[in-house]
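Right, one structure below, let's go through it.
The values are calculated or read from the model by the stated rules, or taken from the named source; none is laboratory data. Quick caveat: nothing in here was measured; it's all calculated off a predicted structure. Positions of Cβ are backbone-derived with ideal geometry, glycine not excepted, and every protein chain shown enters the neighbour counts. When the accessible area is computed, the model is the full protein with side chains, heavy atoms only, and any ligands, DNA or RNA have been set aside. Shrake-Rupley method; radii C 1.70, N 1.55, O 1.52, S 1.80 Å.
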Amino acid sequence: MSAPTFTAVGTRPIRHDGVDKVTGRANYGADLSLPGMLYGVVVRSPHTHARIVSIDTSAAAKVPGVKGIVTGKDVPLIDAKLGMGEGALDLKDLSDNALARSKALYHGHAVAAIAATSLAAAHEAAALVRVEYEILEPVLTVDRAMESGAPILHDTMTTQARPPIEQSGPTNVAGRMELRRGDIEQGFRDADVIVEHVFRTPTSHQGYIEPHACVARVNEDGRISIWTSTQGPFLVRDATAMMLGLDAANVKVTPSEIGGGFGGKIPVYLEPLAVLLARMTQRPVKMVMTRDEVFRATGPTSATKIRMKMGAKRDGTIVAASASLYYEAGAYRGSPSGAGAMCAFAPYRIPNFFIEAYDVVVNKPKVAAYRAPGSPMAALATESLIDEIATQLGLDKVEIRLKNAVQEGDLAPYGPPYGRIGFREVLEQVRNSDHWKSAVKPGVGRGLACGFWFNAGMSSSATVTLGADGSAAVVTGNPDIGGTRAAQALMVAEELGVPVERVRPSVADTDTAGYTDLTAGSRTCYATGMAVVEASRDVREQLRGRAAKIWGVPIEETRWEHGRVEPVNPSADRQPLTVAEIAAKLSKTGGPIIGRAAVNPPMAGPAFAAHICDLEVDRETGCSRVVRYTAVQDVGKAVHPSYVEGQMQGGASQGIGWALNEEYVYNASGVMENAGFLDYRMPVASDLPMIDTILVEVPTPGHPYGVRGVGEVPIVPPLAAVANAMADATGIRFTELPLSPPRVLARLLEEAPAAVGAGA
Amino acid sequence: MSRLHIETTVNGEPAEFLCAADETLLSGLRNGLGLTGTKEGCGTGDCGACSVIMNDRLVASCLVLAAEAQGQSVTTIEGIASGTTLHPLQQAFLEEAALQCGICTPGFIVAAKALLDVNPEPTEEQVRYWLAGNLCRCTGYDKIVRAVLEAAGEMRSATV
Ligand code: FES
Ligand code: FES
């Protein structure tokens, strides 16, 4: 197949929702108000682990303006699972997390919710809710959670294990899985060099700037409307309905514009509470989290402990690797440890490996997906060890990776052979890049690291409507987090030859759009894009039919060519018809044209990335700073290159923040001490250089344009890229993140006190 | 609970609203006046999503009391464009793809305008430090910084 040529795809038009977003007109989660609306607030547990003995709301209810109060006993007990994207949601856990029934499992766990005529009244009442707790010992680390005799979070928890294991009573180990290949012992015997470390990464948060927010309204006939900032309106509909025992047919979810998500706006937190309160009070209820609540009760991603060992031949060929991954799940099962295990060795051909992954509950907020969930921490371990092997053997950091890099036909560690992938092309671009070829400045270290992510397919729907004026509208159900409307409009423009400014993309509510899975898994441009392309092609087929009618010939005598319908046998009265010409005759040839498509690609083309980081380290303070950074990635085909670059730059900077500063700081009783943006230190503009990008385009065979998901893999390499740069700069291998100044300084002093003292 | 009656100027027009004594300017704008273009990301002065210009000074409206706006002049994101013409910053943000989710965008544009009002020819470093009070989690700042530099150049060439 020759490479397709494009006219619209690959250009950089101004996004269609742009003007609304630069003028303040676009409506986000907290921007909607309805007449008669009440304000809802959540009462949260001040304890990290406690049994709820009783809740007395009588004093709170007396506060003027208070209209409704709900507690865990107002939520029906259900036991169901809702399949979705990156794992199944356990509705019982989800509902227990939204409103605790018998136990508060983390500091900030919701125990009651109140609706009042003003926010002030709601807060006043919240302070008067009397909850009697029996305080229990908190479990704050995987090490403690797995000790015998550790307090148990869930009395009924058993380990979901593949392969099965013997169960002995309740446990905090929610899951265990393993992957293996070859003969691991023999592999290590064959190795000339073996390296091994234990790596640790802290709890960190997605850090979207918009807090969770929603409004719910319940009509007299039982119809429920929810306006919310979410990555998955259909998920909100189905999860809320199932949790509350409602008929989902009565629930309509309208996604607002969304102020970032990164996986953290997949779970439902406020929506069921707002619906309960709205139903109780028969008034619309608005709920908006504070930043403090966002930190304490949503997200974050797992803190991890990873022991990894790797062996290689003198020439750099990796012959064996083993790893044990322990990921904190937070209060309920479901850490991305399994994904971490599958990703850890995915970029390399390793003949002998063993990897086991544990999902462990602790008294922290339940983790949510965070951009390539589970993969960045695993990549920290893998890429650090490869870096160390290369250093020990005196090999080039790119060459050792190229030597071991997977290509088409190699088996992924989790089973199937890879299709067409671009990892080697990515590494070759690293080798040829200005950045890699440039000299490293004194006082600076350079690190290279790679990353893998599966990308998701799943279900998507799209409709494309042709107007009589030759313009087109495309409707999908994916909230637009980063320019996907523009991408979809570009695809319609590509297929129909309509100028992209004359394509109107919109994100519809759950009553209007066909079922569409989450904006997650890097799937929107890929899978929903596929639906948009197919729906546009459906329009094309119908245009051929109309042309056939106009010409009085069978449809077989028409063809789509050069962005218009052409007759197979041209004649004086059969001249090619443009879309606009056919559109002008719609009402005379059969009425409006609507194209539609629904797709369910089981797989997507995996994404590979490599990042180069130059880190300047101040040896007197331990403070470090990224001075140059390049992200290289196989993007398949960039539909709107600016927004693809944006994903790469954003992922890189999130990863840099995770590597250098971000962490939940807990006190001994499990209370987060830095629940604000001042102390939870995300990168600001003055912390970063420009992030250079190199887009490699190795098309995915399964997609009409070869698109690959691009949103997630850019956060996979940075943790290790920064750590490797730190190792290069200091000669010290750091295995615990973040590489914050105090931690770095302490090690510098330990390793070379005199040198540091001398200001070397 | 008695409420204060505030008379102020917003985006060049007289405006009045009622607010509680402890209410923030951010809330006054959003809830009192329905100007929801100014966003709340933290409520503690750390994210800049609520940036507005009050009497030529860039402020975090979540840290200003609504009552302080009495008799003052406030510019919000809704007042940055003139008539049907976008401000060069707004145009540059669109052209440079300097927004992804867009929640930080109003704050960045207002903050950048305050910068260009006092320094029409900032260096990249000056832009980065001026905007260090505005968090963006999506873009890595690269395209935002480019957009601000681009708009500054555009505005300079328009005035010569
Ligand atoms: S909301 Fe004011 S600085 Fe964040
Ligand atoms: S574009 Fe999303 S926070 Fe800046």
Pairs please, first residue from segment A:636-658 and closer than 16 Å to A:L737 by Cβ, second anywhere and aromatic (F, W, Y) and open to solvent by 10 Å² or more (accessible area, probe 1.4 Å), Cβ atoms under 9 Å, 6+ apart in sequence or on different chains.
A:Q654/A:F262
Please determine, by comparing only the residues of segment B:101-127 that are more than 18 Å from B:C50 (Cα to Cα) and within 9 Å of another protein chain (Cβ to nearest Cβ), which one is nearest to the chain's Cα centre (by Cα).
B:V127
I'd like to know if segment A:684-704 contains one or more residues that are within 16 Å of ligand 1 (Cβ to nearest atom), in a loop (DSSP other than H, G, I, E, B) and free of Cβ contacts under 8 Å to residues at least 40 places away in the same chain.
yes
Quick check on my filter: what residues within segment A:533-564 are surrounded by fewer than 16 Cβ atoms within 10 Å (Cβ to Cβ) and within 20 Å of A:P499 (Cα to Cα)?
A:E541, A:E561, A:H562
Please report, ordered by residue number, the helices (runs of 4 or more DSSP H) entirely within segment B:96-160 with at least 3 residues that are buried (at least 23 other Cβ atoms within 10 Å of the Cβ) and within 14 Å of ligand 2 (Cβ to nearest atom).
B:105-118, B:142-159
Contacts under 6 angstrom Cβ, first residue in segment A:30-52 being farther than 20 Å from A:M280 by Cβ, partner polar (S, T, N, Q) and open to solvent by less than 50 Å² (accessible area, probe 1.4 Å), 6 or more apart:
A:D31/B:T36; A:T48/A:N363; A:H49/A:N363
Segment A:216-234: number of residues that are crowded, with 23+ Cβ neighbours inside 10 Å and in a loop (DSSP other than H, G, I, E, B)
4
Selection status of A:A59, within 12 Å of chain B (Cβ to nearest Cβ) and either in a loop (DSSP other than H, G, I, E, B) or open to solvent by 10 Å² or more (accessible area, probe 1.4 Å) (or both):
no
Candidate set: segment B:77-90, residues that are at the interface with another protein chain (Cβ under 7 Å from one of its Cβ atoms) and open to solvent by less than 20 Å² (accessible area, probe 1.4 Å); chosen: the one farthest from the chain's Cα centre (by Cα)
B:Q90
Look at A:A597 and say whether it is more than 16 Å from ligand 1 (Cβ to nearest atom) and either within 14 Å of chain B (Cβ to nearest Cβ) or open to solvent by less than 20 Å² (accessible area, probe 1.4 Å) (or both).
yes
Given the structure, is A:L737 under 28 Å from A:Q649 (Cβ atoms) and either in contact with an Asp or Glu (Cβ under 9 Å, 6 or more places away or on another chain) or not assigned by TED's automatic domain parsing to the domain that holds A:C525 (or both)?
yes
Do we have any residue at all in segment A:36-54 that's part of a loop (DSSP other than H, G, I, E, B), in contact with a helix residue (DSSP H, G or I) (Cβ under 8 Å, 6 or more places away or on another chain), within 14 Å of chain B (Cβ to nearest Cβ) and modelled with pLDDT of 95 or more?
no
Is it fair to say A:V362 is under 30 Å from A:A161 (Cα atoms) and either in the same structural domain as A:H109 (by TED's automatic domain parsing) or β-branched (V, I, T) (or both)?
yes
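Suppose we filter A:A468, A:A493 for residues that are in contact (Cβ under 8 Å) with a residue 60 or more places away in the chain, more than 14 Å from chain B (Cβ to nearest Cβ) and assigned to a loop (DSSP other than H, G, I, E, B); which single one remains? I'd like the intermediate steps shown before the answer.
Values: A:A493 fails: assigned to a loop (DSSP other than H, G, I, E, B).
Being in contact (Cβ under 8 Å) with a residue 60 or more places away in the chain, more than 14 Å from chain B (Cβ to nearest Cβ) and assigned to a loop (DSSP other than H, G, I, E, B) holds for just one of A:A468, A:A493, which is A:A468.
Being open to solvent by 60 Å² or more (accessible area, probe 1.4 Å) and within 12 Å of chain A (Cβ to nearest Cβ) is the filter; apply it to segment B:30-62 and report the residue that is farthest from ligand 1 (Cβ to nearest atom).
B:N31
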For the list (1) basic (K, R); (2) away from chain B (no Cβ under 14 Å); (3) in contact with a Leu (Cβ under 9 Å, 6 or more places away or on another chain), I need the number of the one condition that A:K252 fails.
(3)
Of those in segment B:1-25 that are within 16 Å of ligand 1 (Cβ to nearest atom) and within 11 Å of chain A (Cβ to nearest Cβ), the residue surrounded by the most Cβ atoms within 10 Å (Cβ to Cβ) is B:E23
Is it fair to say A:H611 is in contact with a strand residue (DSSP E or B) (Cβ under 8 Å, 6 or more places away or on another chain) and within 14 Å of chain B (Cβ to nearest Cβ)?
yes
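Within the group A:G65, A:G10, which residue is open to solvent by 10 Å² or more (accessible area, probe 1.4 Å) and assigned by TED's automatic domain parsing to the domain that holds A:M242?
Of the residues listed, the single one that is open to solvent by 10 Å² or more (accessible area, probe 1.4 Å) and assigned by TED's automatic domain parsing to the domain that holds A:M242 is A:G65.
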Checked B:I103, B:I77 against criteria (touching a Pro at 6+ places or on another chain (Cβ under 6 Å) and within 16 Å of ligand 1 (Cβ to nearest atom)); the one match is B:I77
Picking from A:A685, A:A659, which residue would you name as being within 14 Å of chain B (Cβ to nearest Cβ), under 21 Å from the mean Cα position of the chain (by Cα) and of a type in the set (G, A, S)?
A:A659
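Conditions tested, residue by residue: (1) part of a helix (DSSP H, G or I); (2) hydroxyl-bearing (S, T, Y); (3) farther than 20 Å from A:M726 by Cα.
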{"site": "A:A604", "(1), (2), (3)": "no, no, yes"}
{"site": "A:A638", "(1), (2), (3)": "no, no, yes"}
{"site": "A:G646", "(1), (2), (3)": "yes, no, yes"}
{"site": "A:Q649", "(1), (2), (3)": "yes, no, yes"}
{"site": "A:S653", "(1), (2), (3)": "yes, yes, no"}
{"site": "A:E663", "(1), (2), (3)": "no, no, no"}
{"site": "A:R681", "(1), (2), (3)": "no, no, no"}
